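The values are calculated or read from the model by the stated rules, or taken from the named source; none is laboratory data. If you're wondering where the values come from, they're calculated on a predicted model, not measured in any experiment. Cβ atoms come from the backbone with ideal geometry, glycine included; neighbour counts cover every protein chain shown.
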Amino acid sequence: MEIKVHSIHFDADHKLINFIQEKMSKIEQYYDNILGGEVYLRIDKSDNAKNKVAEIRLLTPGKEMFAKKQCKSFEEATDLAAEALRRQVRRKKGKLLQLH
């Protein structure tokens, strides 16, 4: 699965990109029919301490899955968004297994 990481208005370091790639590869364990994905990282302009936003979009046959989380760090936001996508992927796989 190919994952593109886009950091908007800042440069993400390699450690963060590797962390994201690792999290996304774990999702592929649950459903191997994922075509690709995109991760958008941006800093929200609010005064709130939780101003790091991670948006993840996964492409699967017939459906696009999306999760967006806002936290204190990009790692935490990515972790929560990946967990939300993992639940979506497992739900989709469960529905597909019921059809067969």
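Each row is one residue, and each column tells you yes or no for (1) buried (at least 17 other Cβ atoms within 10 Å of the Cβ); (2) modelled with pLDDT of 95 or more.
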| residue | (1), (2) |
| --- | --- |
| S25 | no, no |
| Y40 | no, yes |
| E55 | yes, yes |
| E83 | no, yes |
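Condition first: among the β-branched types (V, I, T) and either under 16 Å from E76 (Cα atoms) or over 15 Å from the mean Cα position of the chain (by Cα) (or both). Now tell me which residues in the range 28-50 satisfy that.
Passing the criteria: V39, I43.
I need the full set of residues from the range 32-52 which are closer than 20 Å to E22 by Cβ and of a type in the set (A, V, I, L, M, F, W, C), in order please.
Result: I34, L35, V39, L41.
Across the range 10-22, what is the total count of residues that are at pLDDT 95 or above and surrounded by 15 or more Cβ atoms within 10 Å (Cβ to Cβ)?
4
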